[in-house]
Amino acid sequence: MLDPRALRIDPSFVERRILDFISEQVSAAGLKGGIVAVSGGLDSSVTLALSAKALGGNRVRALMMPEQGLTSESDITDALEVAEMFGVTCDVVDITPVIRAIYSALPNYDPQDLISAGNVKARVRMIINYYYANRLGKMVIGSSNKSELLTGYFTKYGDGAADLFPLADLYKTQVRQLARHLGLPRRIIEKVPTAGLWPGQSDEGELGVKYELLDLILLGWERGMSVESVAEELGVGVELVRGVFERVRRSRHKRVFPLILRLSSNKSELGSGSSWGGEGGRS
């Protein structure tokens, strides 16, 4: 059955698994800790809390990267509060001058093309993440969740670039359950989800569906259910479900390692473009 009960998690068990995962991976890489980009939103707050618990707050550096005229003071305050809660130093790095410099250098820059311009911002933040990671000998710990990754709701080589994704097998609604377990402030848990790339942007506005429903549709996709079966079980239109399934299909290229032309028969660690999350679902 596709109902909210199917998305319930045991937050204590999930927390333990994630803490072990972060600790083991940072240790195996021989690095000193983790870098977490924070926005004052749900996913990055949960990621920061878990990273600090796994590694110790003194081994984690948080980065808040606001843009003038877009990032709210309340988001900055929320990010700093969560960092303080878990004993993490948070640097505030204003990305506005970098973004403006890139836009001014582009001969065909069009401010009306919100997606292309917004992706520049996400990739600037990625560059800063990895500068800090290189400088401090730490691993970049990303905040993308399963709902975002399956629907392609992230910037390729932007917020989709990290060394670890501890939340990648948790739907958005499951991340909220974990946030409550971790004791994060209620206003962060209930904050309207947004990538913060242009004024008025919201995740659910762009996706065209609330996360509570989206996650159940994606669960149906994972279970290999047909569009019609998912629509019937959830009591929603076939076109809505087909649209979500199509987003998963179209965004597959964002979840794979770049395709490699194999010219030798030698086996190595080089991948061939296998996807995260499998194929799943039928249309």
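Read-outs: derived from the displayed coordinates by stated rules, not from any lab. Bear in mind the structure is a predicted one, so any value in this text is a computation, not a measurement. Glycine gets a Cβ as well: all are built from the backbone with ideal geometry, and neighbour counts include every protein chain shown.
For this structure, a couple of remarks:
- This ranking places VAL93, VAL256 by how few other beta-carbon atoms lie within 10 Å of each, fewest first, which gives VAL256, VAL93.
- Extension gain for VAL192 to ARG100 (0.36 nm times residue separation, less C-alpha to C-alpha distance): 30.4 nm.
- Cα gyration tensor shape of region 87-174, rounded if a/c is under 1.5, else prolate or oblate by comparing a/b with b/c: oblate
- Environment charge at VAL60 (Cβ cut-off 14 Å; Lys +1, Arg +1, Asp -1, Glu -1): +2
- All-pairs alpha carbon distance profile, the chain, 5 Å steps from 0, percent: 1, 5, 12, 15, 17, 17, 14, 10, 6, 2, 0, 0
- Taking Lys and Arg as +1 and Asp and Glu as -1, the other residues whose beta-carbon sits under 11 Å from that of LEU150 total +3.
- When +1 charges are put on Lys and Arg Cβ atoms and -1 charges on Asp and Glu Cβ atoms, the dipole computed for region 4-202 relative to its Cα centre reaches about 420 debye.
- Mean Cα-pair separation over length for the chain, i.e. relative contact order, pairs under 8 Å, 6 or more apart, %: 20
- Ranking THR89, HIS181, GLY208 by Cα position along the charge dipole of the chain, where only Lys, Arg, Asp and Glu carry charges on their C-beta atoms, puts THR89 farthest toward the positive end.
- The chain, helix-only ellipticity at 222 nm - DSSP H runs n ≥ 4, -39,500 (n - 2.57), divided by all residues, nearest 500: -15000 deg cm²/dmol
- Distance between region 157-217 and region 139-154 - C-alpha centres, whole angstrom: 9
- Partners of LYS121 within straight-line reach, counting lysines whose Cα lies under 21 Å from its Cα and excluding those fewer than 8 residues away in the same chain: LYS156, LYS254.
- Annotation: peptides 17-24, 183-190, ranked by per-residue average of other Cβ atoms within 10 Å with the highest first, follow the order 17-24, 183-190.
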